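No lab work stands behind these numbers, since they all come straight from the coordinates. Everything numeric here is computed off the predicted structure, so don't read it as measured data.
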C-alpha cells in the first residue's frame, strides 16, 4: 500500500481521474497523486490485459502511461500535477504517433 511519510502542508490541486474527483498536493507528480488517491493501475497490457502501475517512478520503465488532457501515452511519473487536469487510465496498446 502506498503511504506518504509525512503529509505536506501547502497548496492542493484538483484533478479528475476516470471521472472521479481527486485532490493532490501541489508539486506531486501524476503517478504519486494516483497512488495516494488509491488508483494502483495506470494502464493494461495489450496482449493479456494485465494491470500495470507505477514501478520505477523515474521515467525508465514506461509502466505508468496515462492519458492526460486527451493526450495518450504520457508518463505519469514525469508529469507534475496541475489544477484541472483530466486523467484517464489506458486500456491496451500505446497510441500511434507518440
Self-check item: Value of relative contact order over the chain, rounded to a whole percent, pairs C-alpha under 8 Å and six or more apart
Solution: 30
Quiz item: Per-residue ellipticity at 222 nm for the chain, helices alone: DSSP H runs ≥ 4 residues times -39500 (n - 2.57), over residue total, nearest 500 deg cm²/dmol?
Solution: -2000 deg cm²/dmol
Quiz item: Taking springs between alpha-carbon atoms closer than 10 angstrom, which of 24, 33, 11 fluctuates most in the Gaussian network model of the chain?
Solution: 11
